[in-house]
């Protein structure tokens, strides 16, 4: 798997010309590693960050009498951003295909959930299916884009990864339960338990700058789900969509939604593994190992 597109590789080389001269040990070295981690995270969030900025911006300045509705603008803008990322080689074609799958999977769930009254889209639009404006599928695509990009940018490797078929079966069960729990008992507690059993021993190894770090994959899922929950609060504040009880005045999204996003993370992660299959770390010489604390331990990047 190539870590970077051709454009990203040029950016990486330019960054190295600056970063290679900075300290590699001590507090200063740790600060450099942390700064690079933040910059790479921001780069991985490129599509999602752009969409969130547009949602906030249109909430603040979109004129009520505009010929183009706000939702339609968001849909067309999302299409243009995706095309631009491909044209500028900021995203691979394989990633774009997975993002399309995310859009389809997400839109199907949106159509069902809005019909069940789980949430609403309060504004009008032309590009819609039933009560669902088509820009909404890109919110799921943003999660897929982030996971696909971060997998290669951080050159993620895994130890203790479960059999691939079991993860696919889990993702399918989670997706079905999002629909089925409206008619039969909700099995999400069981799904949480199965997720814990499957991934309890899984560790993700990722390269930041000079070092490889590691953390339990379940912790990584939780952190990403938490940030999605923060983004969802911004989305509902901007009235891009609303949950019951938010129509009159905005209130924070229930923390219970974090569980739903955690499970959705599993679906998203498994879909990404269709193009970035989980790989084990390359063996590193013992003398290159650097002892570190758990869950974020590190060693010089050598694979």
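The values are calculated or read from the model by the stated rules, or taken from the named source; none is laboratory data. None of the values given here were measured: they were computed from a predicted structure. FYI the Cβ positions are ideal-geometry reconstructions off the backbone, even for glycines, and counts take in every protein chain you see.
Residues in segment 21-68 that are under 27 Å from residue 124 (Cβ atoms) and at pLDDT below 85: 64, 65.
As for segment 277-285, it holds at least one residue that is over 25 Å from residue 166 (Cβ atoms), at pLDDT below 50 and surrounded by fewer than 14 Cβ atoms within 10 Å (Cβ to Cβ). Condition first: loosely packed, with under 13 Cβ neighbours inside 10 Å and closer than 26 Å to residue 147 by Cα. Can you find one or more residues in segment 42-52 that meet it? Yes, because at least one residue in segment 42-52 is loosely packed, with under 13 Cβ neighbours inside 10 Å and closer than 26 Å to residue 147 by Cα.
Each residue in segment 161-208 was checked for being in a loop (DSSP other than H, G, I, E, B), within 25 Å of residue 44 (Cα to Cα) and at pLDDT 95 or above, and 2 pass. The conditions of being under 27 Å from residue 279 (Cα atoms) and more than 19 Å from the chain's Cα centre (by Cα) are met by residue 34. Contact map, segment 171-198: residues that are in contact (Cβ under 8 Å) with a residue 60 or more places away in the chain paired with residues that are surrounded by fewer than 17 Cβ atoms within 10 Å (Cβ to Cβ) and part of a helix (DSSP H, G or I), Cβ distance under 6 Å, separation 6+ or inter-chain. Pairs shown: 179/112. Here residue 126 qualifies as part of a loop (DSSP other than H, G, I, E, B) and in contact with a helix residue (DSSP H, G or I) (Cβ under 6 Å, 6 or more places away or on another chain). Inspection of segment 218-231 finds no residue satisfying the criterion of being surrounded by 19 or more Cβ atoms within 10 Å (Cβ to Cβ), closer than 15 Å to residue 118 by Cα and in contact with a helix residue (DSSP H, G or I) (Cβ under 9 Å, 6 or more places away or on another chain). Is at least one residue of segment 133-141 more than 30 Å from residue 278 (Cα to Cα), part of a loop (DSSP other than H, G, I, E, B) and in contact with a strand residue (DSSP E or B) (Cβ under 8 Å, 6 or more places away or on another chain)? Checking segment 133-141: not a single residue is more than 30 Å from residue 278 (Cα to Cα), part of a loop (DSSP other than H, G, I, E, B) and in contact with a strand residue (DSSP E or B) (Cβ under 8 Å, 6 or more places away or on another chain). With respect to (1) more than 27 Å from residue 38 (Cα to Cα); (2) in contact (Cβ under 8 Å) with a residue 24 or more places away in the chain; (3) in a helix (DSSP H, G or I); (4) in contact with a strand residue (DSSP E or B) (Cβ under 9 Å, 6 or more places away or on another chain), the lone exception for residue 114 is condition (2). Annotation: of all residues in segment 91-133 being surrounded by fewer than 19 Cβ atoms within 10 Å (Cβ to Cβ) and more than 29 Å from residue 247 (Cβ to Cβ), the one that is modelled with the lowest pLDDT is 94.
For the criterion of being surrounded by fewer than 17 Cβ atoms within 10 Å (Cβ to Cβ) and within 21 Å of residue 151 (Cα to Cα), residue 60 fails.
When you check residue 74 against the structure, is it surrounded by fewer than 20 Cβ atoms within 10 Å (Cβ to Cβ) and either in contact (Cβ under 8 Å) with a residue 40 or more places away in the chain or more than 18 Å from residue 269 (Cβ to Cβ) (or both), yes or no? No, not satisfied. Whether any residue in segment 261-273 is closer than 30 Å to residue 61 by Cα and either crowded, with 19+ Cβ neighbours inside 10 Å or free of Cβ contacts under 8 Å to residues at least 60 places away in the same chain (or both) is what I want to check. Yes, segment 261-273 contains a residue that is closer than 30 Å to residue 61 by Cα and either crowded, with 19+ Cβ neighbours inside 10 Å or free of Cβ contacts under 8 Å to residues at least 60 places away in the same chain (or both).
If you go through segment 1-55 and keep only what is more than 29 Å from residue 82 (Cβ to Cβ), touching a helix residue (DSSP H, G or I) at 6+ places or on another chain (Cβ under 7 Å) and touching a residue at least 60 places away in the same chain (Cβ under 8 Å), you end up with 19, 32.
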